[in-house]
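Read the structure below first, then the notes.
The values are calculated or read from the model by the stated rules, or taken from the named source; none is laboratory data. Every value quoted in this text rests on a predicted model; they were computed, and no experiment measured them. Don't worry about glycine lacking a Cβ; one is built from the backbone with ideal geometry, like all the others, and counts go over all protein chains shown.
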Amino acid sequence: MINELLFMNGYAVYVMSAFGFTLLSFLGLYMITKLQFVKEQSKFVAKFGSLNPEKANSAKIQRINKEILANATNN
Amino acid sequence: MFKIFEPNKIFQITSKAPKYILFLFVIVLTVGLTEALILSPEDYKQSDAVRIMYVHVPSAWISLGIFSSITLLSISGFIFKNKNFFLIAKSLAPSGFVFNIIALVTGAIWGKPTWGTWWAWDARITSMLILALFFAMYLIAWRIYEKEEKVFKITTFITVVGIINVPITKYSVDWWNTLHQPASINILTKSSIHSSMLFPLLLMTAAFALFSLLIFLMKYNTELIKIKNKGLDRL
């Protein structure tokens with residue numbers, strides 16, 4: 001069975017390169033998207049940390065800001 | 001009217017969903033790959049080369065679906081003056097483009113053992129290449145134009161012109177003599193593909209759809225945080 005999977009009647013090189021290319025593209029896109037997300041999240045946390053207490057409190061009124069901070073600490 | 005789509009409200013869901021979608025995607029992909037590479041039968045004519053169909057066809061379907069969705073969202077964004085529709089469209093584009101490239105590359109790999117050539121200027125292949133160019137133009141437009149109103153107009157224009165290519169891609173095999181065979185799967189009439197091949201194909205389509213949903217959510221969350229970052233600058 002393993003031989004069949006490896007040889008595929010002579011088509012293994014085509015089949016495996018098609019599947020390999022697909023999975024590598026997935027991995028690449030996932031990594032790039034994740035990196036962009038983490039970068040923006042870190043930028044947000046840094047900016048939030050540099051706010052004075054008054055501004056930080058007014059920013060915290062928005063639920064989405066609290067969510068972003070909570071997610072950043074969970075990650 | 002579209003208050004349910006307000007970013008502040010849906011971020012709570014979109015920020016938590018990716019980890020569950022990723023988990024589900026890994027499970028469906030594992031089962032799909034087992035079916036596609038091991039359990040599904042070989043074709044009587046194409047032999048094992050037919051297995052490329054399980055990555056090629058879902059990629060083509062999803063890229064066409066995403067481009068259609070982007071067009072619909074861009075037009076809706078214009079009609080209802082809703083910026084969030086544009087944001088959703090923008091977040092869908094990267095996975096649509098990558099699936100388009102996968103369809104082109106795996107199609108070329110499949111073409112070599114089946115037709116004896118990596119590339120032919122066949123109507124289906126050419127229209128998929130044109131679709132990739134529209135995806136690229138759409139993504140580039142978001143990068144080069146900074147003014148919101150301008151980028152909304154230009155990206156909508158690109159999608160409205162590009163959508164003409166979608167039915168051409170779909171019906172190219174019926175309208176012209178192409179190397180591609182006519183559609184084997186029809187929603188309205190009986191499909192000519194055997195269930196032993198249809199099942200893995202649908203499983204792989206589900207896995208790919210989950211992956212595009214995952215990328216969409218991650219990209220959408222990134223865009224929302226970007227907006228909030230600008231908001232902090234204004235405080």
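To keep it simple, each residue is scored yes or no on (1) within 21 Å of B:LYS16 (Cβ to Cβ); (2) modelled with pLDDT under 95.
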| residue | (1), (2) |
| --- | --- |
| A:GLU4 | no, yes |
| A:PHE21 | no, no |
| A:LEU35 | yes, no |
| A:THR73 | yes, yes |
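To keep it simple, each residue is scored yes or no on (1) hydrophobic (A, V, I, L, M, F, W, C); (2) closer than 20 Å to B:PHE157 by Cα; (3) within 13 Å of chain A (Cβ to nearest Cβ).
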residue	(1), (2), (3)
B:THR34	no, no, yes
B:SER69	no, yes, no
B:PHE78	yes, yes, no
B:PHE85	yes, yes, no
B:ILE88	yes, yes, no
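In the range A:1-60, how many residues are touching a strand residue (DSSP E or B) at 6+ places or on another chain (Cβ under 9 Å) and either facing chain B (nearest Cβ under 7 Å) or part of a loop (DSSP other than H, G, I, E, B) (or both)?
Total meeting the criteria: 3.
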Original post:
Just one of the numbered conditions (1) within 15 Å of B:ALA206 (Cβ to Cβ); (2) within 12 Å of chain A (Cβ to nearest Cβ) is not true of B:THR106; which one?
Top reply: (1)
**OP:** Kindly establish whether B:PRO41 is within 14 Å of chain A (Cβ to nearest Cβ), more than 30 Å from B:PHE157 (Cα to Cα), not hydroxyl-bearing (Ser, Thr, Tyr) and not in a helix (DSSP H, G or I).
**Re:** yes
**OP:** Say whether the condition of being acidic (Asp, Glu) and exposed (fewer than 14 other Cβ atoms within 10 Å of the Cβ) is met by at least one residue in the range A:26-49.
**Re:** no
**OP:** Within the range B:106-127, identify whether any single residue is touching a Leu at 6+ places or on another chain (Cβ under 7 Å), part of a helix (DSSP H, G or I) and farther than 23 Å from B:SER95 by Cβ, and answer yes or no.
**Re:** yes
Original post:
Which one is farthest from the chain's Cα centre (by Cα) among residues in the range A:61-75 that are more than 7 Å from chain B (Cβ to nearest Cβ) and either under 19 Å from A:GLN36 (Cα atoms) or assigned to a helix (DSSP H, G or I) (or both)?
Top reply: A:LYS66
